[in-house]
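Read the figures in this text as sums done on the coordinates, not as results from a lab. In this text the structure is predicted, and so the values were computed from the model without any measurement. Methodologically, a virtual Cβ is constructed for each residue, glycine included, from the backbone with ideal geometry; neighbour enumeration extends over all protein chains shown.
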Amino acid sequence: MATGRGLDRLERLQLAGLGREYLLAGHLVDRAGMPEVVARLGAEALAPVAIEEWSGASPHYTRRIRRLLAFDGEHDVAAIFKGMQFDVGAPHEFLDFRYRVDDEHHGGFHLAHCGALVDVEPMGEGFVHAMCHDIEDPTFEATVCASNPQARMTPVHRPPRVPADRSPHCEWLVEIDPTVAAAPEPAPAGRLGSCRALDLAVPLLPLSDPGGGRTDYRGPLDPELRLEDFSEVALRALCREFAIQAHLLVLAYSSALHERLDPGEVADAVAAQLTGVAGVVAARLVRWLRAEGLASDDPGQLAADVLELHPALQPRDYVDVWVDGDGETVVVLGDCPGTEEVVALGWPALLGDGRGDDAIAAIVHAVDPHLTAVPVEAPFGRRRAWRVERLAEPQPTRPEVTVCEFSTGAAFEFVRTGPRGDATA
C-alpha cells in the first residue's frame, strides 16, 4: 500500500479547502471538550474553563499568524480583524464574521451566522448567556490584546436573541483608545508560555510565489478574504499554523482542568476530547477528499490518506508520525516535542502513552466502520505503533464521537469556496 497523501502532495486550491477544514477542526476541540467539563465539574464550571482555554491559547496563536503573514507591525483596528480571520475560534462561514473598518481606531463586526450559538441555543438561555457574555467578554479581550492591548470591544447587541430568529446574531464595536492602560496578558496565556508548541518556528514566507496568490497580508483589510487568495507556500504554512492552534487550545484546556481535577481525570477528559475530534474530523476529511476527487476506492488507502492529513497528527515537527505499509497500513509515532510537553497534557502525549488508541481507531472507523486500529510493537526507537485491520462486522461509532457530532460543525458545508467570482456567494 502506498504512503498516505500528505500536505506536500496537494495543490494550491486543495490546500485552501483543507485549510477551512483545519479551522473548523480546531473549533471542534472546544465542542468535544466542554461536555467532559460539565460531566465532571458541573455546568457552573463550563464558563471558567472555557475562559482559561481560549484566553490561554489565542494570544499566542494570534501573534504567530501576525508574524507569518507579515502584519505584526500593524496595530490598528484592521490588524485586529486580520488576526481574527485566521482564528480557529472563528472558522470561516461557520462563524460568519462581517468586518467594517471606520478609521484606524474604530470599526466593528457582526455575525451573519454563528454556528457556536446554533449549537448552544437548544441547551437553554443559561448556556447562551454563559457563552455570549461570561465567556466572550474576557476571551475577546485576550485575543485582541495580541494585536493591540489598548483595544476594547463593546457589544451593540448579542444573544440570547430577541426575537428568537434575530439576525445578525450579534454585533460589536471595536475601539482603540491610546489613553487607556494596556490590558495585561491573561494569566492562562502565561502558563502556556514555555510549551514546546511555541518553540516551533514560524515559517518565513517568500516575497512572491510563481504559482500566484498572496504570500503576506500587509496593507488593507479584505472583508471578503478567502484562503484561495493565498499562495501555495502560504497555504501550507497556514494549515500548519491552524493545526498548532488546535494543539495550543488543547494544552490550555488541559491546563485549566489540572487546576480542578486529579491527573487521572484530566487524562480521561482529554482522551475523550481527542477521540471525539478524531472521528468527526476524519469523517469530514473523507467527504472533502471525495468532493475533490482525491478519495481512493480502496478503504485501506483512503484510511492512510486521512491519517496522513488529520490535523490531530499535524504538523510533523510537533507530532512525529509516519503512515506507511507494505500490504497493510501502519501508523508509527516517535518521540517529538508533542510527546514531551511539560506545561500540560496534550494529544501527542496521550498517543505516546497508549491513552489515545481509541482516537486512531476512530479515525479509520470514519473511513469504513469495518476498519479499526490495533496497537502493535513499535519499531526500534519509536514510541508507539498501530496497524489498521479490517473486521468481519462493522463496529458502532464510539460514544465520544457521537457527543462531538452534536455540534452542527460536524455536518457543516462550506459555500464560499474557490477563487472569488467562481463560487456561489
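Side notes on the structure shown:
- Taking amide H positions as modeled 1.01 Å from N, with prolines and chain starts lacking one, the residues under 5 Å from F230 and 5 or more places away or on another chain are R214.
- In loop segments of the range 324-425 as defined by DSSP, the chymotrypsin sites (Phe, Trp or Tyr not before Pro) with at most 10 further C-beta atoms inside 10 Å of their C-beta are F380.
- Alpha carbon centroid spacing (whole Å) that separates the range 307-323 from the range 178-254: 19 Å
- Across the range 1-140, Cα-Cα pairs more than 27 Å apart make up 30 percent of the total.
- Seen from R152, the other residues with C-beta closer than 11 Å to its C-beta sum to a net charge of -4, counting Lys and Arg as +1 and Asp and Glu as -1.
- Gyration tensor (alpha-carbon) shape descriptor, the range 213-294, a/c threshold 1.5: oblate
- Euclidean distance between Cα centres, the range 348-417 to the range 257-293, Å: 9 Å
- The structure-derived value of log10 I(q)/I(0) by the Debye sum over Cα atoms at q = 0.07, 0.09 Å⁻¹ appears in the list (1) -0.31, -0.52; (2) -0.39, -0.60; (3) -0.49, -0.73 under the label (1).
- In terms of surrounding Cβ atoms within a 10 Å radius of their Cβ, H157, H27 rank from fewest to most as H157, H27.
- For the range 209-220, Karplus couplings with θ = phi - 60° (6.51, -1.76, 1.60), whole Hz, Gly/Pro x: 10, x, x, x, x, 6, 10, 8, 10, 6, x, x
- Rounded to whole numbers, the Karplus 3J(HN,Hα) couplings from phi for the range 372-388 are 9, 10, 10, x, 9, 4, 6, x, 4, x, 9, 7, 7, 9, 9, 10, 7 Hz, using 6.51 cos²θ - 1.76 cosθ + 1.60 with θ = phi - 60°, and x at Gly and Pro.
- Whole-Hz Karplus values for the range 221-235 come out as 5, 10, x, 9, 3, 10, 4, 4, 6, 9, 6, 4, 5, 5, 5 Hz, taken residue by residue from phi with 6.51 cos²θ - 1.76 cosθ + 1.60 and θ = phi - 60°; glycine and proline positions read x.
- Simple spin-label estimate for A39 and H258 in nanometres, 7 Å along Cα-Cβ: 2.2 nm
- Neighbour-count order for T143, T408, fewest beta carbons within 10 angstrom listed first: T408, T143
- Taking a ≥ b ≥ c as the square roots of the eigenvalues of the Cα gyration tensor, the range 157-248 is classed as oblate, since a/c reaches at least 1.5 and a/b does not exceed b/c.
- Summing charges over all other residues whose Cβ lies under 12 Å from the Cβ of D262, with Lys and Arg as +1 and Asp and Glu as -1, gives -1.
- Three-way shape call for the range 325-418 based on the alpha-carbon gyration tensor, with the a/c threshold at 1.5: oblate
- Net charge of the neighbourhood of C404, taken over other residues with C-beta under 14 Å away and scored Lys/Arg +1, Asp/Glu -1, is -3.
- Taking all pairs of distinct alpha-carbon atoms in the range 262-410, Kirkwood radius in angstrom: 15.4 Å
- The alpha-carbon positions of the range 207-347 define a convex hull whose volume is 172 Å³ per residue.
- Cleavage-rule hits (GluC sites (Glu not before Pro)) in the range 324-416: DSSP loop, at most 12 neighbouring Cβ within 10 angstrom: E377, E413
- Computed helical MRE - 222 nm, the chain, DSSP H runs ≥ 4 contributing -39500 (n - 2.57), nearest 500: -13500 deg cm²/dmol
- Arranged from fewest to most other beta-carbon atoms within 10 Å of their beta carbon, I135, I360 become I135, I360.
- Around the amide H of V343, modelled in the peptide plane, lie the amide H atoms of R196, all under 5 Å away and 5 or more residues distant in sequence or on another chain.
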